[in-house]
Amino acid sequence: MDLTFTPLQEELRAQARGFLEATPAPTWSRLAELGWTGAAVDEAHGGAGLSFLEEAVLHEEAGRALLHAPLWSTSSLLPFLPAEDQAAVAAGDASWTLAIGPLVPDLDTATHVAVVGGDTVWELDGTDREVLATSDETRPLGVVSGGEAGRALCSSDVLPDLRARSLTILALEAVGVGARALELSVDYVKEREQFGRRIGSYQAVSHPLASSHAELELARSLTWWAAWCVANDDPQAQVAASAANAEAADAAVLACERAIQAHGGIGFTWEHVLHRLYKRALWIQSWEASPAQLRAEVASHLLGAA
Amino acid sequence: MDFRDTPEEARFREEVRAWLETNLPDALRGHRGGGARFDGPEVRAWSRALYDAGWVGISWPEAYGGRGLSPRFQAIYLEEEARAEAPPHIGVIGLGMAGPTIISRGTDAQKARYLQPLLSAEEIWCQGFSEPGAGSDLAGVRTSARLDGDRFVVDGQKVWSSYAHIADFCILVARSDPSSERHDGLTYLIVDMHAPGVDVRPLRQITGEAEFNEIFLSGVEVPLENVIGEIGAGWDVAMTTLLHERGTLAFALVARLEVQLRKLLALAAERGATPTQREAIAREWIQLQALRLTAYRSLSALERTGIPGPEGSILKLQWSEANQRVTKLALDLLGADAQLLAPNAPYGGYWTTQQLRSRGNTIEAGTSEILRNIVAERVLGLPRSR
């Protein structure tokens, strides 16, 4: 077992963090130039030819930075798309979202919409998009109406694998979101003084932050397990993804709630970034299946159907 | 990053598994992992068999009787031992605390005298840190060590000492400078438990069993050659011991939790579980995976530096609370049957004992409050609490 990051992964992380701090709202083509949109696409199709484990580093950082781009929605679908579509994504000319329920994410940014019909995933042509006001402004939900099935993209047999990939990416984002909320809290309580002492010296303040750290580290271990399973087509990928998503979403939401409390009134204002992190964490927690539903799936894996 | 055993690790795991399968006597199978006073001659014989087969001191240096392998092989051994429900080597305190302290801070003479019989279970160790007035606050130690020529004379009382009733030696922290306060003026001693003036009394705990003891010391003579580290620098040596306690323990704890989960799943299958109980069981299974993976992550720090990092505190903290929830869940599944004691209790009262015992998990080896302080101050870098 080797659960350490490679030098390449560490380098990617540092590069991604630096870039997103300097460029909070990059365009899709800028992300393509950096090689992010086609990170796991074959080099023959213009991608970087890396594994999902390298891409996973980027998703954790994208979550941390609340990146407003269809990176998650595109990447969930990407390995199942025809080669020429993968090449277009890697080149920064295309991005995708999948309309699998009534609410569709990233309709404001994704250039293409996919839809499931029968035993096939199709491209949806000529549809009208409406982007709805959404609590997390960096990942709006919307609805599509009209349009028709265009090209066939892949068999709908891929849906369980696609779901595992999607849940894993969201879990990675959640760890990034939670870790940033915790870092902001630590920085704040180290400086803020009340009753003549820095408030981080009070255990009523420091212990909840210690709990956040412990929970996020455990969730991080699970997300990397899920990412490894996805990267290696491991038979445990689906249960690992459900487990990681449930724990990471819960850990991120709790870390944000404790962060707001540790910041006092300032953490409750619109100006502070905390509410944006919190809204993304809640978004992730709500998407596809709640932590309770995901744990029920894990229970069926362990105990058989209810 | 690779979540599979390397071929070398898989070979080692298979070797351990096959050996345990062949050699573990049926009478010793199903060890409960804490909660029992598991100290009979059959456990000494078992410990000796482990030593002879090369399963003791796997990651200790070869010069001190170990095999000099990476700590990951020690981890694999502990996982397989727990999975087989084999009792651990009886020298738990010696292997996890006294031995590593002697290796890192002891004299050559101490290494030559104590390490080999510790590995072979010929000599058993216990720990004399806590006192009635010094629990989490170890710097409040009042047991005195008075220098008298070529020896110390020790007077005082120690408490919560596992294995003291069968121990040959005790690693003991005492105040050697009566005018000193707090962390200064402490000295770390090896005390012969058979010396005149040592009196051990069992402490009956919440489960009804007596796992721990009190040690009363009156005029106990300790030769100067039994000092570990410098006279007056005992605090520093004690910190070495505690780091090792939390560092090497994690894999055994996680593996024991894995066995608990396996039993819990069997109980749920047998008795049935509501949707809420099923969700709670899934949550604990997920926590177990997270703990195991995080333990392997912490190994890389251990392999780099040779000293367990403060992240071991996270594992102990989260494990102890998980074990409390798991045993409580079992009680929930058992309903009123859980109130019965042996011989009428289901599974011989296993779950009732385990649940009561688990309340100690957030107190022993660093309370959860102390561990959160360690995480806050040493990992997150927050200002010291008072």
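Every number here is computed from the coordinates shown, using simple stated rules; none is lab data. Computed from a predicted structure; not experimentally measured. Here the Cβ is made from the backbone with ideal geometry for all residues, glycine too, and neighbour counts use every protein chain on show.
Considering only A:LEU8, A:LEU67, A:ALA56, the residue lying farthest towards the positive end of the dipole of region A:1-71 is A:LEU67, judged by Cα position with unit charges set on Cβ. With all pairs of different C-alpha atoms in the average, the Kirkwood value for the hydrodynamic radius of region B:254-355 is 14.8 Å.
When chain B is treated as a Gaussian network with alpha carbon springs shorter than 10 Å, the biggest mean-square fluctuation among B:GLN318, B:GLN74, B:GLN339 belongs to B:GLN339. Reported to the nearest whole Å, the Cα centre-to-centre distance from region A:260-298 to region B:307-386 is 28.
Selection among A:ALA262, A:PRO140, A:TRP122 by position relative to the dipole of chain A gives A:ALA262 as farthest towards the positive end (Cβ unit charges, Cα centre).
Ellipsoid fit via the Cα gyration tensor, the protein assembly as shown: semi-axes of 51, 28, 24 Å, each the root of five times an eigenvalue, largest first. Relative to one another, the C-alpha centroids of region B:73-141 and region A:222-244 are positioned 37 Å apart. Dividing the summed -39500 (n - 2.57) terms of all DSSP H runs of n ≥ 4 by the residue count of chain A sets its mean residue ellipticity at 222 nm at -18000 deg cm²/dmol. Mean Kyte-Doolittle of at least -1.0 and a Cα length of 20 Å or more along the axis: which whole DSSP H helices of chain B meet both? Counting only whole DSSP H runs, the qualifying helices are B:234-271, B:275-305, B:312-334.
Mind checking which of A:ASP234, A:ASP106, A:ASP128 has the largest fluctuation in a GNM of chain A, springs on alpha carbons under 10 Å? Result: A:ASP128 has the largest fluctuation of those listed.
Across region B:149-230, Cα-Cα distances exceeding 15 Å account for 58% of all pairs. Comparing Cα centroids, region A:1-72 and region B:148-224 end up 57 angstrom apart.
Taking a span of 20 Å or more along the helix axis (Cα atoms) and a mean Kyte-Doolittle hydropathy of at least -0.5 as the rule, the DSSP H helices of chain A that qualify are A:159-191, A:203-231, A:237-263.
Taking amide H as placed 1.01 Å from N in the peptide plane, A:TRP96 has its amide H under 5 Å from the amide H of A:THR74, A:THR111, A:HIS112, each at least 5 places away in sequence or on another chain. Of the trypsin sites (Lys or Arg not before Pro) found in region B:109-186, those in coil by DSSP whose Cβ has at most 14 other Cβ atoms within 10 Å are B:ARG142, B:ARG182.
Around the amide H of B:GLY309, modelled in the peptide plane, lie the amide H atoms of B:LEU302, all under 5 Å away and 5 or more residues distant in sequence or on another chain. The spread of Cα positions in chain B, taken along each principal axis and listed from longest to shortest, comes to 68, 48, 46 Å.
With the cut-off at 1.5 for a/c, could you classify region A:20-128 from its C-alpha gyration tensor as rounded, prolate or oblate? Because a/c hits 1.5 or more and a/b fails to exceed b/c, region A:20-128 counts as oblate. Once C-alpha pairs closer than 8 Å and six or more residues apart are averaged by separation and normalised to the residue number of chain B, the relative contact order reads 13 percent.
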